[in-house]
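The values are calculated or read from the model by the stated rules, or taken from the named source; none is laboratory data. Everything numeric here is computed off the predicted structure, so don't read it as measured data. Note that we place each Cβ from the backbone using ideal geometry, even for glycine, and neighbour counts take in every protein chain shown.
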Amino acid sequence: MANTSLVLTVLGVDRPGLVESIARVVAEHGGNWIESRMAHLAGHFAGILRVEVESSKSERLAAALRALGDAGLESLVHPDVAPGAADRPPLVRLELVGQDRPGIVREISRVLAAQSVNVEELQTECVPGAESGVSLFRAQAMLRLPAGVSEASLRTALESVAADLMVDLDLESD
């Protein structure tokens with residue numbers, strides 16, 4: 001039997017047992033949990049995961065996952081359309097820190113979009129500064145560079161806005 005890969009997004013008010021309810025439904029349909037990113041944010045549970053299942057069982061699995069909405073867990077199910085690993089350009093890790101202010105994400109993402117860089121993962125947070133107590137903005141991102149864009153050229157583009165934003169950034173190949 002051929003397998004299908006599905007990408008799921010889930011969202012609900014956080015409470016114990018949410019991950020187990022998803023894992024139970026996946027297992028009951030013969031699915032294999034491949035990868036996931038999940039987090040608690042502002043009292044909510046949010047996640048994205050990829051599962052593989054026999055093609056003949058994919059619709060029943062998707063319906064069972066959507067039925068978790070009755071228990072307060074919203075989910076969306078999409079077919080995986082990612083290219084094979086051999087076809088994927090390299091990843092670069094971006095780390096950024098600076099005094100928090102509106103517009104940091106907008107300006108950095110504008111530079112990335114102008115370079116046709118794909119943001120594969122992004123984690124941000126605001127934390128009190130260790131010495132000053134002033135709110136610091138931190139971001140970590142995994143970026144997929146398109147053909148023709150080097151790490152050096154991306155660094156130059158990002159550094160062109162980093163000074164105005166008053167942020168420090170580090171860019172390195174993963």
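Brief remarks follow.
- Qualifying residue in region 121-130 (condition: touching a helix residue (DSSP H, G or I) at 6+ places or on another chain (Cβ under 8 Å) and β-branched (Val, Ile, Thr)): yes
- Check on Ala139, more than 30 Å from Ala42 (Cβ to Cβ) and either in contact (Cβ under 8 Å) with a residue 40 or more places away in the chain or in contact with a helix residue (DSSP H, G or I) (Cβ under 6 Å, 6 or more places away or on another chain) (or both): no
- Of all residue pairs spaced 6 or more apart or on separate chains, those with beta-carbon atoms under 7 Å, a first member in region 48-61 that is over 11 Å from Ser5 (Cα atoms) and a second member that is in a strand (DSSP E or B) and hydroxyl-bearing (Ser, Thr, Tyr) are Ile48/Thr9; Ile48/Ser36.
The rows are residues; the columns are (1) within 12 Å of Ile108 (Cα to Cα); (2) modelled with pLDDT of 95 or more; (3) surrounded by 15 or more Cβ atoms within 10 Å (Cβ to Cβ).
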| position | (1), (2), (3) |
| --- | --- |
| Glu131 | no, no, no |
| Leu136 | no, no, yes |
| Ala141 | yes, yes, yes |
| Pro146 | no, no, no |
| Val161 | yes, no, yes |
| Leu165 | yes, no, yes |
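Per-residue answers, yes or no, for (1) under 29 Å from Arg144 (Cα atoms); (2) not assigned by TED's automatic domain parsing to the domain that holds Ala147:
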{"residue": "Thr9", "(1), (2)": "yes, yes"}
{"residue": "Leu18", "(1), (2)": "no, yes"}
{"residue": "Ala23", "(1), (2)": "no, yes"}
{"residue": "Leu41", "(1), (2)": "yes, yes"}
{"residue": "Lys57", "(1), (2)": "no, yes"}
{"residue": "Ala67", "(1), (2)": "no, yes"}
{"residue": "Val97", "(1), (2)": "yes, no"}
{"residue": "Arg101", "(1), (2)": "yes, no"}
{"residue": "Arg106", "(1), (2)": "yes, no"}
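- Residue list for region 20-41, filter: free of Cβ contacts under 8 Å to residues at least 40 places away in the same chain and closer than 23 Å to Met142 by Cβ: Trp33, Ile34, Glu35, Ser36, Met38, Ala39, His40, Leu41
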